[in-house]
1. Could you give the length gained on full extension between residue 142 and residue 92, defined as 0.36 nm per residue of separation minus the Cα-Cα distance, in nm?
2. Compute the acute angle (0 to 90°) between the alpha-carbon long axis of helix 142-151 and the principal axis of greatest extent of the alpha-carbon atoms of the chain; round to the nearest 10°.
3. For residue 4 and residue 33 in one chain, what is 0.36 nm times their gap in residues minus the Cα-Cα distance, to one decimal in nm?
4. Restricting things to Cα coordinates, could you compute the convex hull volume per residue of region 82-152 in Å³?
5. How far is helix 126-135 tilted off the main Cα axis of the chain, in degrees rounded to 10, range 0 to 90?
6. R0 = 35 Å: FRET efficiency of residue 13 with residue 71, Cβ-based, nearest 0.05?
7. Calculate for the chain the 222 nm mean residue ellipticity that helices alone would give, adding -39,500 (n - 2.57) per DSSP H run of length 4 or more and normalising by residue count, nearest 500 deg cm²/dmol.
8. Tell me, what is the FRET efficiency for residue 23 and residue 79 to the nearest 0.05, using R0 = 41 angstrom and their Cβ-Cβ distance as r?
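Each reported figure results from applying straightforward, stated rules to the coordinates on display, with no laboratory input. These figures come from a predicted structure and were not determined experimentally. Reconstructed Cβ throughout: ideal geometry from the backbone, glycine too, with neighbour counts over all protein chains shown.
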C-alpha cells in the first residue's frame, strides 16, 4: 500500500472487492489484515471511515491480536502492581519499625505508654514519627508525651 501511486484509491478498490466476498468470516479476517497494512500508509481515521461497513471485531485475526494485547496488558499491570505492592510494603515495614522503636524508647524513658497513644503513634506519618523520636529525648514524664500528642 505504501508503494502504490494512490493509497486512498487502492484502499477504496480493495474495500469494494472485500464487499463482494460472500463468506463473512473470510471477509472479516481479510478486513482486519488489510486495515493493519493500510495503517502503514494512511491515517487511522481515514481507514476507519473507508472500512466502517466491515465489522472486523469478530475476525479471528482481530480476536487473536486483542487477546494477545489483553494478556500483555494484564501481565504489565501485574508487574506494576507487584512492584507498587513491594514498595508500599517496604515503606509500611520501615514506618512500623520506626514506630516500634519510638514506642520502645518511650517505654524505657517514661514507663508504660497508654494504649490509645500507642495506636496514635503507630498511625503517625513518617515526618511526625521522626519529630516524636527527637522530642522524646526531652520528655521527663507522660505529661510531656500527652502535651506533644495534643499539639500534633
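1. Values: separation 50, 0.36 × 50 = 18.00 nm, distance 2.70 nm.
This chain segment gains 15.3 nm when fully extended.
2. 40 degrees
3. Working: separation 29, 0.36 × 29 = 10.44 nm, distance 1.75 nm.
This chain segment gains 8.7 nm when fully extended.
4. For region 82-152, the hull spanned by Cα atoms encloses 78 Å³ per residue.
5. Once rounded, the angle reads 10 degrees.
6. On the way: r = 36 Å, r/R0 = 1.02.
Taking R0 as 35 Å, the efficiency between residue 13 and residue 71 is 0.45.
7. Computed mean residue ellipticity for the chain: -25000 deg cm²/dmol.
8. Working: r = 41 Å, r/R0 = 0.99.
The value I calculate is 0.50.
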